[in-house]
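Single-structure report; data block below.
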Amino acid sequence: NLIYHLNPRAKKAQRRKGFASPAGFGVVLGGILGAVPAAGSPALDPLQSYKMLGTRQINGVEADGKLHTTVYPAGYQGRAEEVTTIEEAWYSFRIQAQVRRLYTDPRNGDSDYQMKNIEIGEPDAALFRIPDDYEVVDIK
């Protein structure tokens, strides 16, 4: 596979070989480090719960929803108070993408991400062509 990097100012397209991974793209390497309990103290693991929300239309696309609630106990990562975060995520298997995500976290505030103006179909092939007036430079 090939990867291109376009430089519009110089009108150059740098081309190089991509990499192949047996695991593919988007594979998680490692994990998230949680609280490290002090010697002799009980583990302060967060309590997590999941609930499937069923299927519904999100901006014109059918999506499956999941509610994920995490309760971090007082003392987790040195915090004095209990913290609860809530994530509502909607994923469309048809377009293989998350189409909406609502996230509530009292430490960082709320966020609402959603895809809009979703068009189903093949994209114009011209979007993926190197412009005719660009010089293609191979990178080793």
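With respect to the numbered conditions (1) more than 25 Å from residue 72 (Cα to Cα); (2) surrounded by 10 or more Cβ atoms within 10 Å (Cβ to Cβ), which one is the sole condition not fulfilled by residue 103?
(1)
So residue 130 passes all but one of these: (1) out of contact with any Leu (no Cβ under 9 Å at 6 or more places or on another chain); (2) among the hydrophobic types (A, V, I, L, M, F, W, C); (3) at pLDDT below 95. Which condition number does it fail?
Exception for residue 130: condition (1).
Filter the range 2-56 down to the residues that are in contact with a helix residue (DSSP H, G or I) (Cβ under 8 Å, 6 or more places away or on another chain) and aliphatic (A, V, I, L, M), then identify the one that is modelled with the highest pLDDT.
Result: 44.
Sort out which residues of the range 50-82 are under 20 Å from the mean Cα position of the chain (by Cα) and over 30 Å from residue 119 (Cβ atoms), and write them in order of number.
50, 51, 69, 70, listed by residue number.
Quick one: in the range 70-86, of everything that is loosely packed, with under 14 Cβ neighbours inside 10 Å and among the polar types (S, T, N, Q), which residue is modelled with the highest pLDDT?
Applying the filter and picking the extreme gives 84.
The values are calculated or read from the model by the stated rules, or taken from the named source; none is laboratory data. Just so we're clear, the structure is a prediction, and the values are computed from it rather than from any experiment. Neighbour counts run over all protein chains shown; Cβ positions are idealised from the backbone, glycine included.
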